[in-house]
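Contents: one structure, followed by commentary.
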2 protein chains.
Amino acid sequence: MELSDNTIERICKVFGYLNPLERGAAEFVSSKELAKAIGTTEYTVRKDISLLGVCGYTRKGYAVKSLKEELGRKLNLNKKRKACIVGLGRLGSALLDYEKFQEDGFEIVAGFDCSINKLERIKTPIDVFSDNDIKEIVAQRSIEVGILAVPSQRAQDVADKLIGAGVKGILNFSNHKVIVPENVIYLNLDFTNALRFIAAKIMINQNQN
Amino acid sequence: MELSDNTIERICKVFGYLNPLERGAAEFVSSKELAKAIGTTEYTVRKDISLLGVCGYTRKGYAVKSLKEELGRKLNLNKKRKACIVGLGRLGSALLDYEKFQEDGFEIVAGFDCSINKLERIKTPIDVFSDNDIKEIVAQRSIEVGILAVPSQRAQDVADKLIGAGVKGILNFSNHKVIVPENVIYLNLDFTNALRFIAAKIMINQNQN
């Protein structure tokens, strides 16, 4: 199965859109509705879904429950994934309790920080540890994804520790690009770049009008 | 000037990469280095930059200072942009003090929440107000971008208020898709979708090996 990153990203969005639909007991969803929800065309939605080998588009649309089940199975999104957060400053500790992670199939099973002081003061139901325990805890708890919320100058060092301990994916919130081995999945969520993109588009819009 | 969103996004990343380079007093940067930093090819970097009408690629590469100046001018990234955050829960208040925003040309000039209680307790140097003051403060302080950190069921309502008050762009951290008029720039940063993408790619990687 050779899927482009764009297809995978769109399918993940479709999957995320099906969650509340299913909870709301919707039976069918049209490719039109899915296209609108994730910001693409109906054709692309149907093509992406068929690329995954999922059929079942009827006159009423896709059956919500079975579509979610099948997409989840193909991309392994049905099972709970274990993740940890490193860096428990304001952003990291906000992420530690970010309700959506839990709702959407991710379980934050540990937080790490290098400051014992911070570890003692933090209030959270999640277990927190010193950075020195990364290797042990990641292995013990079978953590697959590491979330970086450390200052940029520490990002590479922490990523190396996490990868050495066995995580398979890194989500980086610091705006320092981290180098990872080829077999590790890496994604950078850069808030400032998002704002910059908005600013640039505002300007382009204004020039066109 | 007709630029694709992908080009704009890459140029914003290049611009972000030039910031620390300039502070570090680097004189030149090669398209190879830029390509590596933002995760694309040298050809794409040079093409994107030339699409903006910026020339000046020499044997030593681009001159850092003038490249940054020119890209910033073309996409209007040199001037400080004013933004506000609505929703001062854990995530919102973490974003309120997110150092990178300030470093990178964005100024958070107000925070809003509907809970007076929360407004009284929060500790931040940024001015905070009740949601009821959105219209007045956005106009008074010429706020261009609104950042949503509210629970998903309030996202649309708050976005409508911000747009009514005159913001030109919305950055949405809730995972509820918000509908905006055509002339408003909209971007959704969905953490869970990022994690989902990583999980799916981990699985695909494992199947290939």
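The values are calculated or read from the model by the stated rules, or taken from the named source; none is laboratory data. Note that the structure is predicted; figures quoted are calculated from it, not measured. Backbone-built Cβ (ideal geometry, glycine too); neighbour counts: all protein chains shown. The accessibility values were calculated without ligands, DNA or RNA, using every heavy atom of the protein model including side chains. Shrake-Rupley method; radii C 1.70, N 1.55, O 1.52, S 1.80 Å.
When A:Ile134, A:Ile147 are checked against the criterion of being over 30 Å from B:Glu107 (Cβ atoms) and aliphatic (A, V, I, L, M), a single residue qualifies: A:Ile134.
Of the set (1) modelled with pLDDT of 90 or more; (2) out of contact with any strand residue (DSSP E or B) (no Cβ under 7 Å at 6 or more places or on another chain), all apply to B:Leu162 but (2).
One residue is enough: does the stretch B:145-157 have a residue meeting the conditions in contact with a strand residue (DSSP E or B) (Cβ under 9 Å, 6 or more places away or on another chain), farther than 20 Å from B:Asn188 by Cβ and modelled with pLDDT of 95 or more?
Checked against the condition, which is being in contact with a strand residue (DSSP E or B) (Cβ under 9 Å, 6 or more places away or on another chain), farther than 20 Å from B:Asn188 by Cβ and modelled with pLDDT of 95 or more, the stretch B:145-157 yields no hits at all.
If you go through the stretch A:9-17 one residue at a time, do you hit one that is more than 20 Å from B:Lys201 (Cβ to Cβ) and either within 12 Å of another protein chain (Cβ to nearest Cβ) or not polar (S, T, N, Q) (or both)? No: zero hits. Being under 20 Å from B:Gly105 (Cβ atoms), polar (S, T, N, Q), touching a residue at least 12 places away in the same chain (Cβ under 8 Å) and within 14 Å of chain A (Cβ to nearest Cβ) is a description that applies to B:Ser142. Look at (1) facing chain B (nearest Cβ under 9 Å); (2) touching a residue at least 40 places away in the same chain (Cβ under 8 Å) and you find that A:Phe106 fails only one, number (2).
For the stretch B:181-204, what are the residues that are under 15 Å from A:Ile8 (Cβ atoms), of a type in the set (Val, Ile, Thr) and either more than 7 Å from chain A (Cβ to nearest Cβ) or out of contact with any strand residue (DSSP E or B) (no Cβ under 6 Å at 6 or more places or on another chain) (or both)? Within the stretch B:181-204, B:Thr192, B:Ile204 qualify.
Pairing residues of the stretch B:152-164 that are farther than 24 Å from A:Asp104 by Cα with residues that are open to solvent by 50 Å² or more (accessible area, probe 1.4 Å) and part of a helix (DSSP H, G or I), at Cβ distances under 8 Å and at least 6 apart in sequence or on separate chains, gives B:Lys161/B:Lys135; B:Gly164/B:Lys135.
Inspection of the stretch A:95-104 identifies no residue that is open to solvent by less than 10 Å² (accessible area, probe 1.4 Å), assigned to a strand (DSSP E or B) and within 21 Å of B:Ala199 (Cα to Cα).
Within the stretch A:94-124, the residues that satisfy the criterion of being within 17 Å of A:Ile137 (Cα to Cα) and of a type in the set (Asp, Glu) are A:Glu107, A:Asp113.
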